[in-house]
Structures are given as structure tokens and as C-alpha cells.
Amino acid sequence: MANCLICKAPKVLCTCADEAEIVGWDEVRKKCHLEDIMSEVYKDFPIYKFLGKLAKNKIKLPEEVIVTICESYLKNKSGIINKWAWFMRTAKEC
Ligand SMILES: [Zn+2]
């Protein structure tokens, strides 16, 4: 079965077109890219847990910052020893 090129879900499950009618295609693409890259990073980096820790302290990172952190992680992961410290430092730099 063909999958949606944006959200990667099977076409029958894809809701991109419906969402796009409300928020626009740019927003749908951005959101799907964020979900994609977060699930890629999550394989060896507890991004959801770290975001949860911030949320407990009432800090919510903008989506662009999360994408930047994820891209930076995928580029630099071999050199990262303390993941939490790296995450906090990178989040502050963004
Ligand atoms: Zn879709």
C-alpha cells in the first residue's frame, strides 16, 4: 500500500489533507518532520523524557528548537557522553 510522502502513514490513515485545510501545508510538513526526526533520535536518545523534565519546570521548547537539537544530535552523537548535559547546553544555545 502506498504511504503518504509527508507523514509516512498508509494513505488510508493519513489526515494531512484534512489538517492542511485548517492549518496549511507548511504547518503539516513542519509537524511531520518534527515527529519523524524525534522518532529517529529516540532510538538512542531519551528526547521525550528530557522534554518531559523541562515541561515539569514549565519550560516548553519551540518546535524549531527541538528540530535543531535533534539534527545536532544526529550529527554529533558519537561525541556525546552526558546526554542530559548536552541536551541542556544545546537547548540554551538555540
Ligand atoms: Zn499524510
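Any read-out appearing in this document is the output of simple, stated calculations on the displayed coordinates, not a laboratory observation. Fair warning: this is a prediction, and the values are worked out from it, not measured in the lab. Reconstructed Cβ throughout: ideal geometry from the backbone, glycine too, with neighbour counts over all protein chains shown.
Computed quantities for the displayed model
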item	result
For the stretch 65-72, Karplus couplings with θ = phi - 60° (6.51, -1.76, 1.60), whole Hz, Gly/Pro x	5, 4, 4, 4, 4, 4, 5, 5
Dipole magnitude of the stretch 45-94 about its Cα centre (Cβ charges: Lys, Arg +1; Asp, Glu -1), debye to nearest 20	300
Cross-link table Lys30/Lys92; Lys11/Lys77; Lys60/Lys83; Lys43/Lys83, entries beyond 24 Å C-alpha to C-alpha	Lys11/Lys77
The stretch 1-41: relative contact order as a whole-number percent, Cα under 8 Å and 6+ apart	30
Cβ-Cβ FRET estimate between Lys56 and Glu21, R0 fixed at 30 Å, reported to 0.05	0.30
Listed residues Gly79, Gly52, Gly24, most fluctuating in the chain (Gaussian network, C-alpha, under 10 Å)	Gly79
Rel. contact order, % - alpha carbon contacts under 8 angstrom, at least six apart, the chain	20
Sorted by Cβ neighbour density within 10 Å, fewest at the top, the residues Tyr42, Tyr73	Tyr42, Tyr73
Interchain or long-range residues, amide H under 5 Å from Cys4's placed H	Ala9, Lys11
Net charge dipole size for the chain [Lys, Arg +1 and Asp, Glu -1 on Cβ; Debye, nearest 20]	640
Debye-sum result for the stretch 45-94 in log10 I(q)/I(0), which assumes one identical scatterer on each alpha carbon, at q = 0.22, 0.23, 0.27 Å⁻¹	-0.77, -0.85, -1.17
GNM result for the chain, Cα springs below 10 Å: residue of Cys14, Cys32, Cys70 fluctuating most strongly	Cys14
Calculated [θ] (222 nm, deg cm²/dmol) that DSSP helices of n ≥ 4 give over the chain, each run adding -39,500 (n - 2.57)	-20000 deg cm²/dmol
Within the stretch 1-41: Cβ-based charge dipole about Cα centre, in debye rounded to nearest 20 (Lys, Arg +1; Asp, Glu -1)	140
Top of Glu21, Glu64, Glu35 by mean-square fluctuation, Gaussian network on the chain, Cα under 10 Å	Glu21
